[in-house]
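Q: Take a look at the following structure, please.
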Amino acid sequence: GHLQASYASHGVEFVSLRVSDDSKLLVARKLTGDPHIWSGSVTFQLDLETQDHVDEEFVMPEGVEWREGVSEDDGLTVFLRARGEGMIAEFGMKNPTSCPVELIGFKGEGGQPMKFAIHWETLEGIGMFEKLSSPIVSSHLMSNLRRVQ
């Protein structure tokens, strides 16, 4: 599916999620890039074999902050955690390297999955990911991206 997320000073960006052919990885690829990680690049991938189903109140790790524009840390209930790697790089996608990340899945109303966050451990930040709210927006985004690529 297609999601939107806060990428700190880069603002809102769009990613596409796909499960690998062997069903072991969840791969997020940037649809819109930024000066550090370009469009089309993998932004993170999660090892689906590390999934841990939980039912716990979210507690912000010490020293970690929500990415810019996100402040939804009150009353969130975690239902899923998974480990993986995220891609970070210097300006111009120089010296790309992977860093540990953790997916944190949050429950919505009625216990249904609502959204998830990625904890970028090296960057000490958490970014919230949400499904695009409208199929029309998603369709428009994809048609514009196809024209650019």
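Q: Under 13 Å from the Cβ of Pro35, count the other residues' Cβ atoms, weight Lys and Arg +1, Asp and Glu -1, and hand me the total.
A: Every neighbour counted, the sum reads -1.
Q: Carbon and sulfur: what percent of segment 1-45's accessible surface (1.4 Å probe)?
A: That fraction is 57 percent.
Q: Can you give the extra length, in nm with one decimal, that the chain gains between Val54 and Glu109 once fully stretched, where that is 0.36 nm per residue apart less the Cα-Cα distance?
A: 18.1 nm
Q: What distance in nm lies between label points placed 7 Å from Cα along the C-beta direction at Thr77 and Glu121?
A: Result: 2.8 nm between the two label points.
Q: How much net charge surrounds Glu13 when only other residues with a Cβ under 10 Å from its Cβ are counted (Lys, Arg +1; Asp, Glu -1)?
A: Once all neighbours under 10 Å are counted, the net charge is 0.
Q: For Met93 and His10, what is the calculated FRET efficiency with R₀ set at 22 Å and r taken between the beta-carbons, to the nearest 0.05?
A: It comes out at approximately 0.95.
Q: Also, quick follow-up: For labels at Asp22 and Glu65 in the simple 7 Å Cα→Cβ model, what's the distance in nm?
A: 3.9 nm
The values are calculated or read from the model by the stated rules, or taken from the named source; none is laboratory data. All of these numbers come straight from a predicted model, not from anything done at the bench. FYI the Cβ positions are ideal-geometry reconstructions off the backbone, even for glycines, and counts take in every protein chain you see. Keep in mind that these areas ignore ligands, DNA and RNA; they rest on the heavy atoms of the full protein, side chains included. Shrake-Rupley method; radii C 1.70, N 1.55, O 1.52, S 1.80 Å.
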